[in-house]
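Notes follow once the structure below has been shown.
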Amino acid sequence: MVRRKGPVWKHFYCKIENDDSHPHVQCKYCSKVFQRAVPERMQSHLDKKCPEAPNDAKSQYKQQNSSTTSRIDNFNDCMTDEEQKSLELLLHKALSSANVSFSFVDDPFVVQFFQRLRPSFKLPKREEKIQSDEK
Ligand SMILES: [Zn+2]
């Protein structure tokens, strides 16, 4: 019996009818049956063929490590230059209007906060802000 089970197995019902090392499996989402439980084929069914498979059954989703950090890594975040500029401007306005020093952006917790919020947003360096503030 094969006891080495990858994450793909939890999306299938296992039907053991004899001591075959490849038990029958059935997809939990669309009832598709595999006569031979080959993890690669099961995964590719979930990835491409299964009409009902949830996102967390797909191989792109990191099953092994579902911590917050890896979710952020998976989060397909991208930002255009324009968006980056307009956010910088907004941040700039927010800080001056709240009378907050620009050293705010150097604070590790602030950096962390922005990282979580929008990983692709690059916090402006304090020096750049001081320069633009002098205009
Ligand atoms: Zn299916």
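For the reader, a short list of remarks on this structure follows.
- Selection within region 28-57 - in a helix (DSSP H, G or I) and near the ligand (Cβ under 8 Å from one of its atoms): 45, 46, 49
- Residues in region 15-28 that are over 12 Å from residue 38 (Cα atoms) and either of a type in the set (Gly, Ala, Ser) or modelled with pLDDT under 90 (or both): 15, 16, 17, 18, 19, 20.
- All of 55, 99 fail the test of being at pLDDT 85 or above, assigned by TED's automatic domain parsing to the domain that holds residue 40 and exposed (fewer than 11 other Cβ atoms within 10 Å of the Cβ), apart from 55.
For (1) at pLDDT below 70; (2) in contact with a Phe, Trp or Tyr (Cβ under 8 Å, 6 or more places away or on another chain); (3) assigned to a helix (DSSP H, G or I); (4) surrounded by 13 or more Cβ atoms within 10 Å (Cβ to Cβ), each residue gets a yes or a no:
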site: 71; (1), (2), (3), (4): yes, no, yes, no
site: 78; (1), (2), (3), (4): no, no, no, no
site: 88; (1), (2), (3), (4): no, no, yes, yes
site: 91; (1), (2), (3), (4): no, no, yes, yes
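The values are calculated or read from the model by the stated rules, or taken from the named source; none is laboratory data. Values in this document were obtained by computation on a predicted structure and should not be read as measured data. No Cβ is skipped: glycine too gets one built from the backbone with ideal geometry, and neighbour counts run over all protein chains shown.
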